[in-house]
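Comments concern the structure below.
The values are calculated or read from the model by the stated rules, or taken from the named source; none is laboratory data. All figures in this text were calculated on a predicted structure; none of them were measured in a lab. Cβ coordinates were reconstructed from backbone atoms using ideal geometry, including for glycine residues, and neighbour counts include every protein chain displayed. Surface accessibility is based on the protein's heavy atoms, side chains included, excluding ligands, DNA and RNA. Shrake-Rupley method; radii C 1.70, N 1.55, O 1.52, S 1.80 Å.
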Amino acid sequence: MSQATAVREEVRRVIGRSAVMAAGAGDPAWLRARRSEAWDVFEATPLPSKRSEEWRYTDVARLLPLDGLVPNVGEAIAGRALPEGLRRAMAQDRESAGRIVDVDGAVVSVELDEALAAQGVVLASLRDAARAGVPEVEALLATEAVPAADGKFPALNAALWSDGVFLRVPRGVRVDRTIRLSRWVSQPGTATFTRILIVAEERSRLSFVDEILSPHFSTVTLANTAVELFSRGGAQVQYVSLQRMGEGGFYLANQRTLAERDSTLDTLNVALGGSVGRIDLNARLLGPGANSDMLGLYFGDTDQHFDFNTSQDHVAPHAHSDLLYKGALDGAARGVFRGIIRVHEGAQGTDAYQTNRNLILSDKAIATSLPNLEIEADDVRCSHGATVGQLDAEALFYLMSRGLRREQAERLVVMGFLGEVLSKLPLGGVVEKVTQAIEAKLRYV
Amino acid sequence: MDDSPILAVTGLEAGVADGDLEILKGVDLAIRPGEIHAIMGPNGSGKSTLAKVIAGHPEYEATGGGVAFGGEDLLEMEPDERAQAGVFMAFQYPVEIPGVSIANFLRTALQSRLEDGEELDLFDFQELLMERMELLDMDLAFAQRPVNDGFSGGEKKRNEILQMAVLKPALAVMDETDSGLDIDALQVVARGVNALREENPEMSVLLITHYQRVLSHIVPDTVHVVVDGRIVESGGPEVALELEAQGYEEYRKAHAA
């Protein structure tokens, strides 16, 4: 064994308490303590196993070699040009009110429209905001929305997060153009821990697009994200996640939305890339008149594996939530949807819906759909439905009888099927970008 | 006018793919450019099977005889190749394609007719679509609706006619397009077919129907009566009128043996 190998192994960072210390270097005391407690929770919590209902179809012990991953602790490489793939994706974005760029877990730039900044809108690196003593960060980071106590991965993220986004839109301020996070992971075999904390104050409005990209990797590369979204009374929030990692990418997100009285908090999860994608989304309806539209779109091919675990918690009466997740699966791809509507005691007048539809394009692709209801109030309107269907032979013949080649016909049917989701959240640029990304995938079908 | 048939069906035997049941038991038919032929017959006689075999429906299979279109062996061609060659079938039950607008569908259909690497000019397409919809007296908003999704029976058939008008086939096969239509919808369909024929007198039509009613709106050159998988009589429009008076029973009896 050479000397060089020995040295490299000595400096090689692993997921462990020393990495927690490294990630927290320069943090205020409260945050170092919070990280340390989170690490304790992580160590005390067993890895989710296939024996648990929520992880039955995603075998993390086999798919995610946590011990072998090198955690990114947020050291930005100064002066480095942005990767080409990231620049291309950013160039496609149309008008933005602000943007944060994050490379390998470190924020490298923050831009915000000056007029919005003057109105009190804050868009910042989460790490900078924590260190600057922004009070909401201490109050809300990993406390109410995605605390360490939520599980193994929320705990790991709370201990090891290196950077992310803090966004606050003050009372009554309406941000009409989209604010964006553009993320890139470049190093194979790394683990990146990112947090997004968004607070929309009373009657404010914002839309936020969180896009993650990477090249293809030959080894498993983890991007773990905790998303904490607060919409205060009467606010309107849209959050979109575009997951377009390369092969080898393992995307694991815990998202929680807290919608107060008369606010709307809508989400769209788009999963197109990576080898494994697991999203845990919990929407909490906390006040009467709160509304959450929850949209999801996934298109898997090769051996891609997407697992969505959603819950709609109706805590308050007279709130509304409507979930629609649609996916197309080709190759040997696997799609899992598990959703539950929980109507808590006293949440009378709840309106809650849940629909998951899958289109299977090959013999080897599999879709599993498990919708569920848990109702503890009597005056409610709830429904859930799931379908798994094949490409309709009669529809293909119909299209081909007009001259379309088989692959053109298939593309049209798939785009039409998935397009329903996009048409429900027509955010500037998102529809075009997702459509292009799906079409690029369909070219290889 | 060229006297060689655009469509030549010779001794065609056909049935459902993977099935033993023979539905067409030797059909001969020649349609020349510009001719309108009507195929009439009772339910289960095989008249729709003929349409589906011509269009290339995957569930039907020719087991004997042949179909030539413009001199080419149609049975060797995929459905999309048949369409590109100039065959169009108006479906009896047009299929719903949710999320795909009629305009997008037609644009893709026209794009598919171009060479690889050639792009359909969107402005030209819009122009063509508007012109075609005007010809058929259709509201432009119709083309923005998803293909047949939630359409009434009449709207579905109008959509078939619009597609035919945009794609301008050499042979239009109308598979019981008239069934289930009220008289207004039937007239819309007939006006569309007649307008296209006026524009292109070379367009041939194979009109498959159960009822005589449509033939007073689209007047055929020849009427064929199909019973039990065979053409049992061919003649002028008067054949349809005789049928209307006598019903199919006479033919059934005559050909039962």
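For the reader, a short list of remarks on this structure follows.
- Hey, A:T368 over 30 Å from B:R113 (Cβ atoms), within 14 Å of chain B (Cβ to nearest Cβ) and among the polar types (S, T, N, Q) or not: no
- Residues satisfying the stated conditions in the stretch B:202-238, i.e. closer than 10 Å to B:M40 by Cα and aliphatic (A, V, I, L, M): B:L207, B:I208, B:V223, B:V225, B:V226, B:V227, B:I231
- Residue within the stretch B:121-133 that is of a type in the set (D, E), more than 14 Å from every other protein chain (Cβ to nearest Cβ) and not in a helix (DSSP H, G or I) present: yes
- Filtering the stretch B:19-28 to residues that are open to solvent by 10 Å² or more (accessible area, probe 1.4 Å) and either within 18 Å of B:T177 (Cβ to Cβ) or in a strand (DSSP E or B) (or both) leaves B:E22, B:I23, B:K25, B:G26, B:D28.
- Put simply, of A:E439, A:E394 the only residue that is surrounded by fewer than 20 Cβ atoms within 10 Å (Cβ to Cβ), within 20 Å of B:E59 (Cα to Cα) and out of contact with any Ser or Thr (no Cβ under 9 Å at 6 or more places or on another chain) is A:E394.
- Selection count where residues are open to solvent by 20 Å² or more (accessible area, probe 1.4 Å), closer than 17 Å to B:A14 by Cα, in contact with a Leu (Cβ under 9 Å, 6 or more places away or on another chain) and within 10 Å of chain A (Cβ to nearest Cβ), scope the stretch B:46-86: 1
- Any hit, the stretch A:362-375, residues being under 17 Å from A:Q255 (Cβ atoms) and out of contact with any Ser or Thr (no Cβ under 6 Å at 6 or more places or on another chain): no
- In the set (1) aliphatic (A, V, I, L, M); (2) over 20 Å from A:Y239 (Cβ atoms); (3) surrounded by fewer than 24 Cβ atoms within 10 Å (Cβ to Cβ), A:L156 fails one condition alone, (3).
- Residue tally, condition surrounded by 24 or more Cβ atoms within 10 Å (Cβ to Cβ) and not in a strand (DSSP E or B), over the stretch A:255-288: 2
- In the set (1) at the interface with chain A (Cβ under 10 Å from one of its Cβ atoms); (2) out of contact with any helix residue (DSSP H, G or I) (no Cβ under 6 Å at 6 or more places or on another chain); (3) not basic (K, R), B:D116 fails one condition alone, (1).
- Residue check, B:D184 among the acidic types (D, E), touching a residue at least 24 places away in the same chain (Cβ under 8 Å) and in a helix (DSSP H, G or I): yes
- Residues of the stretch A:387-398 classified as within 7 Å of chain B (Cβ to nearest Cβ) and touching a helix residue (DSSP H, G or I) at 6+ places or on another chain (Cβ under 9 Å), total: 3
- Filter pass, A:L418 being facing chain B (nearest Cβ under 8 Å), crowded, with 20+ Cβ neighbours inside 10 Å and farther than 15 Å from B:I102 by Cα: yes
- Inter-residue pairs, beta-carbon under 6 Å, first more than 16 Å from B:E131 (Cβ to Cβ) and modelled with pLDDT of 95 or more and in the stretch B:189-205, second of a type in the set (G, A, S) and surrounded by 23 or more Cβ atoms within 10 Å (Cβ to Cβ), 6+ apart: B:V205/B:A172
- Residue match in the stretch A:57-77 (condition: over 20 Å from A:L156 (Cα atoms), open to solvent by 80 Å² or more (accessible area, probe 1.4 Å) and modelled with pLDDT under 95): yes
For (1) modelled with pLDDT under 95; (2) not small (G, A, S), each residue gets a yes or a no:
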position: B:V27; (1), (2): no, yes
position: B:A30; (1), (2): no, no
position: B:G34; (1), (2): no, no
position: B:H37; (1), (2): no, yes
position: B:N43; (1), (2): yes, yes
position: B:G46; (1), (2): yes, no
position: B:K52; (1), (2): no, yes
position: B:A55; (1), (2): no, no
position: B:E59; (1), (2): yes, yes
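- Scanning the stretch A:114-127 for residues that are within 25 Å of the chain's Cα centre (by Cα) and open to solvent by 30 Å² or more (accessible area, probe 1.4 Å) returns A:V122, A:R127.
- Breaking point among (1) crowded, with 18+ Cβ neighbours inside 10 Å; (2) more than 14 Å from chain A (Cβ to nearest Cβ), for B:N43: (1)
- Selection count where residues are surrounded by 23 or more Cβ atoms within 10 Å (Cβ to Cβ) and assigned to a strand (DSSP E or B), scope the stretch B:89-120: 2
- Some residue of the stretch B:159-166 being surrounded by fewer than 19 Cβ atoms within 10 Å (Cβ to Cβ) and either in contact (Cβ under 8 Å) with a residue 24 or more places away in the chain or within 20 Å of the chain's Cα centre (by Cα) (or both): no
- Residue match in the stretch A:325-334 (condition: open to solvent by 20 Å² or more (accessible area, probe 1.4 Å), within 25 Å of A:G248 (Cβ to Cβ) and in a strand (DSSP E or B)): yes
- Count of the stretch B:217-257 residues which are open to solvent by less than 40 Å² (accessible area, probe 1.4 Å), within 21 Å of B:A172 (Cα to Cα) and not in a helix (DSSP H, G or I): 9
- Being within 13 Å of A:A409 (Cα to Cα), of a type outside the set (G, A, S) and either away from chain A (no Cβ under 14 Å) or over 18 Å from the mean Cα position of the chain (by Cα) (or both) is a property that holds for B:R107.
- Subset of the stretch A:233-254 that is touching a Phe, Trp or Tyr at 6+ places or on another chain (Cβ under 8 Å) and in contact (Cβ under 8 Å) with a residue 60 or more places away in the chain - its residue that is nearest to A:E420 (Cα to Cα): A:V240
- Checked against the criterion of being among the hydroxyl-bearing types (S, T, Y), assigned to a loop (DSSP other than H, G, I, E, B) and surrounded by fewer than 22 Cβ atoms within 10 Å (Cβ to Cβ), the stretch A:216-228 contains one or more residues that satisfy it.
- Out of A:L141, A:L112, A:L116, A:L123, sole residue that is under 27 Å from A:L66 (Cβ atoms) and among the hydrophobic types (A, V, I, L, M, F, W, C): A:L141
- Taken over the stretch B:134-155, the criterion of being under 18 Å from B:G192 (Cβ atoms), within 14 Å of chain A (Cβ to nearest Cβ) and of a type in the set (D, E, K, R) is satisfied by B:R145 alone.
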